[in-house]
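For reference, the structure discussed in these notes is given below.
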Amino acid sequence: MTGNHLIHTMWRATALGSLAVVAAACTALAGPGEPDFTIQLRTLNGSGVSGTVAFTYIQGGRTRVSVVVDPGTYPDMPAHIHPGTCDNLTPQPQYPLENVRNGTSTTVIPATVADLLANPVAVNLHASVSDLQTYTACADIVR
Amino acid sequence: VRRHRSLTVLIRLAGILLATLAGGCTGSTATPALADATDPRARVTVDVETGTGQDRRFAPASVSVAARADVRLTLHNRSGETHNLSFTGRLEHVRTRTIIEPGDRDTVSFVAPDPGVYPFVCTVHEGMNGELRVEAVGPPP
């Protein structure tokens, strides 16, 4: 092996090693982590939808909101975080969430867990895109 | 030899820069605010915007295309709130991203179905509605 080849090979090895280290670091940072807290959804209107919503702090003052439900007969439910409580909900959402498709939804919202707990807010799920008026489940966000 | 290598590197860098610029330029295309297509063979581009500020409406709220047209529908969120565009009923599978931030846009592509009226909504804001009117196409002249 010539000197040039040796240097080339060393450069390649160094570059690949660096990439592996960066990828591992990114994976660690973006990992799901343990939720800060989890709340139980209350079934509404006899929908049969039940499950949980987990809140996990992530860097940058954001929170990952993960909904996991038994969707019953509702495969695609719009979901939001609204001001107010389940019994007295402000119709205008504060944070839209990704639709709950086949029972799961994950959304990163621009608010901390402390922000969410500062005032009454609630997570609610709607029957479908075509039927936003019918709520299938709701949970007050309290610790 | 060193000067020759430097020159080669410079030429390569210039090539990469030019290719990047060319790619970026070809990505931007002007689109009309409303397309009323009658040619099903045409690729139809329809722009729907939201109202500005807190104005929760689609503009235009009704757009028309020809049956079987190849449609590209873009929602441009010009408001200060999060929106989306989701069809209901038979076109329910056609939707933009659920969360389109203010100033952002998203495009969906689909083939226009049979003639009829196909409603769409913003799932964040109840009552924010629009419709796609699919027109029948006559026989070629």
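Odds and ends about this structure:
- Under 5 Å from the amide H of A:R42 lie the amide H atoms of A:C138, A:A139, each residue being 5 or more positions distant or on a separate chain, with H modelled from the backbone and absent for Pro and chain starts.
- Here A:T73 and B:D114 are evaluated by their C-beta separation; at R0 = 30 Å the FRET efficiency comes out at 0.65.
- Gyration tensor (alpha-carbon) shape descriptor, the stretch A:57-120, a/c threshold 1.5: oblate
- For the stretch B:53-133, the antiparallel share of DSSP beta bridges with both residues in that region comes to about 80%.
- Neighbouring Cβ atoms from other chains, within 10 Å of the Cβ of residues in B:121-128, number 5 on average.
Coordinate-derived values only; no laboratory data. Model, not experiment: these values are computed from the prediction. Counting neighbours? That spans all protein chains shown, and the Cβs are built from the backbone with ideal geometry, glycine included.
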